[in-house]
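I have placed the structure first, in the form of structure tokens, so that the comments after it can refer back to it.
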Amino acid sequence: MVTKGNKEIKVKDNYLLNGSLAIQHGGSNKHYAMVNKGPSMLLFQHFWLLVVTRGLVGVGEASYSTIAPTIIGDLFTGALRTWMLSLFYIFIPVGSGLGYIVGSSVADITGDWHWALRVTPILGMVGIVLLIALVPEPPRGAADFQGEALKERTSYWEDIKYLLANRSFVLSSLGVTAMAFMTGALAFWTPVFLSHAQVLQGTRVQCTQEPCSNTDSLIFGVVTVVTGIVGVGIGAAVARRLKKSMPDGDPLLCAVGMLGSAPCLYLAMVTADKSIATSYVFIALGETLLSLNWAVVADILLYVVIPTRRSTAEALQITVCHLLGDAGSPYLIGTISDSLRSSYPDSYLWKFRSLEYSFLLCPFVGVLGGLFFLLTALYVEKDRTTAREIAAGNSQQPAVVS
């Protein structure tokens, strides 16, 4: 967060195009830690350089996010793969929550937000060492086909046509996009929204000059960490049980998570001006239900797409879900809020209400995402069988109309 006077500008890591670059580039993460510290040393006059360096951070993150799940898919299979994916994806909400906790704490201690950015490169360097020392490079499809690598090589355009014809992949990607939309909006606006609510209740004085209190960011970070661990763990355990009796259990579980989170988030918004504690309870429930899906949606992709096209599928899904999801949702929520607020620009009550009303878009998107996962359940068993047969050489790939 860059602050100048009372204006705040958030610089978001650039995933949008970089996910596609990772298809051809096997996850070069080494530059990530090196460029991560750079932005913290810049002055506001060099804002363009701040944007560039944060974009470079996005290249490393997008590459890593694209390649890492496919490596797990090549190392493990079945229920064990689900558990390994849950261990990997549990750190998405945990890392996000720790970002709030560490960032707000470091900013409070130092009195300078720059130092919050100077902590993460240390973690990045540790990650590089662990990747080089411990992570193997398995043959594609090794876990699925007893260690034998798949030899088929196809063009990028052939991969895209194959993926667009895979209904389970397309529908589940739309569901993931809805989930990213909700999590992005929540991460950006929830601390601000709750701060406005407390000012409206009279329990907090309105902040008119930086630095402002980071209490809401700290609490929201703790809630995100705890609900992330609980939600991902429950999601993996339930998915493992459902696999034994319900071939379409994974997308149905994701649908339950999305559809269940929608009313929780709605209640969190409408109760915020009456009781902050109640609002936090519903936020925690909503985030727990959303977190059920992190490992499960990755597992769906891995078993409905043949191994040689999983990296392309991950990259395409990441590009779409960030482009239409968490990259745009904070801006869209803010734009709607500003438009509503223009009717009564001098009213603090309307400042709160305009953000509350714009936030109601999130439960609607949650219901939409749940419907996408319900549709995925109609096709997932057939697409999983088809992918297994193609990879085993027992079936021809479905024809795709150009």
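The values are calculated or read from the model by the stated rules, or taken from the named source; none is laboratory data. Predicted model only: the values in this text are computed from it and were never measured. Positions of Cβ are generated from backbone atoms using ideal geometry, with glycine treated the same way; all protein chains shown enter the neighbour counts. Protein only, heavy atoms only, side chains kept; ligands, DNA and RNA dropped before computing areas. Shrake-Rupley method; radii C 1.70, N 1.55, O 1.52, S 1.80 Å.
Quick look at the numbers
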{"quantity": "Three semi-axes of the equivalent ellipsoid, segment 191-313, Cα gyration tensor, whole Å, largest first", "calculated": "37, 16, 11"}
{"quantity": "Near-label residues of segment 173-207 by backbone N, under 15 Å of a point 7 Å along Cα→Cβ of Leu242", "calculated": "173, 175-176"}
{"quantity": "In Å², nearest 10: area of Leu375 left accessible to a 1.4 Å probe", "calculated": "80 Å²"}
{"quantity": "Local electrostatic count, Lys382, Cβ distance below 15 Å [Lys/Arg +1, Asp/Glu -1]", "calculated": "-2"}
{"quantity": "Heavy-atom accessible area ranking, 1.4 Å probe, most first, across Cys212, Cys264", "calculated": "Cys212, Cys264"}
{"quantity": "Accessible-area order (highest first, 1.4 angstrom probe) of the listed residues Arg353, Arg54, Arg310", "calculated": "Arg353, Arg54, Arg310"}
{"quantity": "Positive minus negative residues near Leu292 (Lys, Arg vs Asp, Glu; Cβ under 14 Å)", "calculated": "-1"}
{"quantity": "Area accessible to solvent at Asp108, 1.4 Å probe radius, in Å²", "calculated": "100 Å²"}
{"quantity": "Net charge over other residues, Cβ less than 14 angstrom from the Cβ of Arg167 (K, R count +1; D, E count -1)", "calculated": "0"}
{"quantity": "Segment 148-204: GluC sites (Glu not before Pro) in DSSP coil with no more than 15 other Cβ atoms inside 10 Å", "calculated": "Glu148, Glu152"}
{"quantity": "Quotient of Cα Rg and 2.2 N^0.38 Å for segment 251-402, N being how many residues it contains", "calculated": "1.34"}
{"quantity": "Solvent accessible area, Å² - Lys274, 1.4 Å probe, full protein context", "calculated": "150 Å²"}
{"quantity": "Mean accessible surface per residue for segment 261-402, computed with a 1.4 Å probe while every protein chain stays in place, in Å²", "calculated": "42 Å²"}
{"quantity": "Accessible-area order (highest first, 1.4 angstrom probe) of the listed residues Trp48, Trp350, Trp83, Trp115", "calculated": "Trp48, Trp115, Trp83, Trp350"}
{"quantity": "Relative packing of peptides 166-176, 359-369 - highest average C-beta neighbours within 10 Å first", "calculated": "166-176, 359-369"}
